[in-house]
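Notes for the one structure printed next.
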Amino acid sequence: SMSDKRTILWFRKGLRLHDNPALKAACQDAEHLHPIFIIDPWFMKPDKVGVNRVRFLLDCLSDLDISLRALGSQLFVLQGSPEKVL
């Protein structure tokens with residue numbers, strides 16, 4: 001229905017579930033929670049970030065998705081500049 005409360009939780013730097021105040025607040029108010037992470041192409045340029053950092057980020061995103069799936073949700077990973085994606 002139109003009264004459903006849908007909340008987008010944009011994960012940016014804190015890619016964890018435990019001790020995450022934004023997640024706790026979002027869960028209190030939302031009927032439908034949509035966790036997202038946006039991969040900004042600017043960040044992924046080789047002169048901006050090394051391969052090990054990218055690998056670490058992808059591993060963290062995978063771990064976060066596994067944790068969310070265990071709670072009946074999932075992480076939506078979007079690509080593009082945040083101004084356009086949101």
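How much accessible area per residue does the chain have, in Å², with a 1.4 Å probe? Don't jump to the answer; show the numbers that get you there.
On the way: 6330 Å² over 86 residues.
Solvent-accessible surface per residue comes out at 74 Å².
Taking amide hydrogens as modeled 1.01 Å from N in the peptide plane, which residues meet the under 5 Å criterion relative to Val77, leaving out close sequence neighbours?
Amide H neighbours of Val77: Phe37.
In terms of Cα to Cα distance under 17 Å, which aspartates and glutamates are near enough to Lys5, apart from those fewer than 8 places away along the same chain?
Asp29, Glu31
How far is helix 51-70 tilted off the main Cα axis of the chain, in degrees rounded to 10, range 0 to 90?
20
Given H placed on each backbone N at 1.01 Å, which residues far from Leu9 in sequence or on other chains put an amide H within less than 5 Å of it?
His34, Ile36
Have a look at Leu64, Leu17, Leu75 and tell me which one the Gaussian network model of the chain (Cα, springs below 10 Å) gives the largest fluctuation.
In this elastic network of the chain, the residue with the biggest mean-square fluctuation among Leu64, Leu17, Leu75 is Leu17.
Would you calculate, for the chain, the mean residue ellipticity at 222 nm contributed by helices, counting each DSSP H stretch of 4 or more residues as -39,500 (n - 2.57) and dividing by all residues, to the nearest 500? Mind dumping the intermediate values first?
Values: 3 runs with 33 residues, N = 86.
For the chain, the value works out to -11500 deg cm²/dmol.
Put +1 on the Cβ of each Lys and Arg and -1 on the Cβ of each Asp and Glu in the chain; which of Val49, Gln79, Ile8 then has its Cα farthest toward the positive end of the dipole?
So the residue we want is Val49.
In the structure shown, do any of Lys24/Lys84; Lys24/Lys45; Lys13/Lys48 have a Cα-Cα gap over 24 Å, and if so which? Before the final figure, lay out each step's value.
On the way: Lys24/Lys84 27 Å; Lys24/Lys45 33 Å; Lys13/Lys48 16 Å.
Cα-Cα > 24 Å for Lys24/Lys84; Lys24/Lys45; rest within.
About its Cα centre, how strong a charge dipole does the chain have in debye, to the nearest 20, once Lys and Arg get +1 and Asp and Glu get -1 at the Cβ? Don't skip to the end; give the middle numbers.
On the way: 12 positive and 10 negative charges, 45 e Å.
Dipole about the Cα centre, nearest 20: 220 debye.
Modelled label-to-label distance, Lys5 and His32, 7 Å Cα→beta-carbon offset: nm?
In this crude label model, Lys5 to His32 measures out at 1.5 nm.
The values are calculated or read from the model by the stated rules, or taken from the named source; none is laboratory data. What you are looking at is a predicted structure, and each value in this text was computed from that prediction instead of being measured. Here Cβ is always computed from backbone atoms with ideal geometry, including for glycine, and neighbour counts include all displayed protein chains. Note: areas computed on protein heavy atoms with side chains; ligands, DNA, RNA excluded. Shrake-Rupley method; radii C 1.70, N 1.55, O 1.52, S 1.80 Å.
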